[in-house]
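Step one of this worksheet: look at the structure below.
The values are calculated or read from the model by the stated rules, or taken from the named source; none is laboratory data. Nothing here was measured: the structure is a model prediction, and the numbers come from that model. Positions of Cβ are backbone-derived with ideal geometry, glycine not excepted, and every protein chain shown enters the neighbour counts. Heavy atoms of the whole protein, side chains included, go into the accessibility calculation; ligands, DNA and RNA do not. Shrake-Rupley method; radii C 1.70, N 1.55, O 1.52, S 1.80 Å.
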Amino acid sequence: SFGARSAMSAALSDPARRHAVVRRLAEKLQHFEQADRQGRAGGQRSTGIQAIDGLLPDGGMGDGSLVEWLSDSPGSGAGTLAFAVAVHRMAADPTGAACVVVDPSREVYPPTIGWKHDPDRLVVVHPPNDRETLWSVEQALRCPGVAVVVGWLDAMGTHAFRRLQLAAESGGGLGLLLRPATYRVEPSWAAVRFSVNAIPARALLSGRRLRVELVHCRGRLAMGGVELEIDDETGDVHLVSRLADSTAATCRARAR
């Protein structure tokens, strides 16, 4: 009715009341999404990286969902994080399901991604073009015998993205999509989106430092970020120690 619309307009014109309305809507949406997630087998699972789990509302990533890793450059560490999550997920999978890697650039080599499981559980696909890449990711996501799909994807329309999301829900596996940061401004059907950027760190001799930002997560309004260190020799991922940073900065200042 006109009166109800006027009351709603008045409520949204006041910042405090608008915030309360948005918060109540977010709580309702989160309730529905949690009920939907609880209805799926497996539910939320840890990523194996405590700092990443801490950014997510349920402490992990859901089965039958998509996660985007957006980065500006190949050396940002996004791929390393995605494979760390994939390897951990495979270790926790009791069914013996496969991990499918859709690698159009032909750069993936099992030892470099920290693969520690049965070689027969790893399937690497080398599609010749973008169309075949998208098709391969969709088919792998739709297969119930696949626990994790890792794929590099470039431009794709909303309809194609929606098909991937439905395929993930149908198959029940986790889709980890590596994409350029330019697609951050475009609509996404991923349940979670991370932005990953490399941070210069002169003090690191055998690793890399990166900033991971949670830029979208269903059921959560407040976003956040963490700084991580990747040890390239061991593959371990650690939260950056602020105390170590402070000590290193002090030492550099004294040396000048």
Residues being part of a helix (DSSP H, G or I) and touching a Leu at 6+ places or on another chain (Cβ under 9 Å) - total across segment 75-102: 11
Of all residues making up segment 45-66, the number that are open to solvent by 10 Å² or more (accessible area, probe 1.4 Å), touching a residue at least 12 places away in the same chain (Cβ under 8 Å) and either in a helix (DSSP H, G or I) or out of contact with any strand residue (DSSP E or B) (no Cβ under 7 Å at 6 or more places or on another chain) (or both): 6
Subset of segment 114-131 (residues that are touching a strand residue (DSSP E or B) at 6+ places or on another chain (Cβ under 9 Å) and surrounded by 13 or more Cβ atoms within 10 Å (Cβ to Cβ)): Trp115, His117, Arg121, Leu122, Val123, Val124, Val125, His126, Pro127
Unmet criterion (only one of (1) open to solvent by 30 Å² or more (accessible area, probe 1.4 Å); (2) in contact with a helix residue (DSSP H, G or I) (Cβ under 6 Å, 6 or more places away or on another chain); (3) among the small types (Gly, Ala, Ser)) for Ala98: (1)
Any chance Trp69 is of a type in the set (Phe, Trp, Tyr), open to solvent by less than 10 Å² (accessible area, probe 1.4 Å) and touching a helix residue (DSSP H, G or I) at 6+ places or on another chain (Cβ under 7 Å): yes
Check on Arg131, touching a residue at least 60 places away in the same chain (Cβ under 8 Å) and out of contact with any Cys (no Cβ under 8 Å at 6 or more places or on another chain): no
Residue that is farthest from Ser73 (Cα to Cα), among those in segment 106-156 that are acidic (Asp, Glu) and assigned to a helix (DSSP H, G or I): Asp120
Test: residue in segment 172-180 that is closer than 23 Å to Pro57 by Cβ, at pLDDT below 95 and of a type in the set (D, E, K, R): no
Residue match in segment 214-221 (condition: among the charged types (D, E, K, R), open to solvent by 10 Å² or more (accessible area, probe 1.4 Å) and modelled with pLDDT of 95 or more): no
Subset of segment 132-151 [over 24 Å from Ala92 (Cα atoms), buried (at least 18 other Cβ atoms within 10 Å of the Cβ) and hydrophobic (A, V, I, L, M, F, W, C)]: Leu134
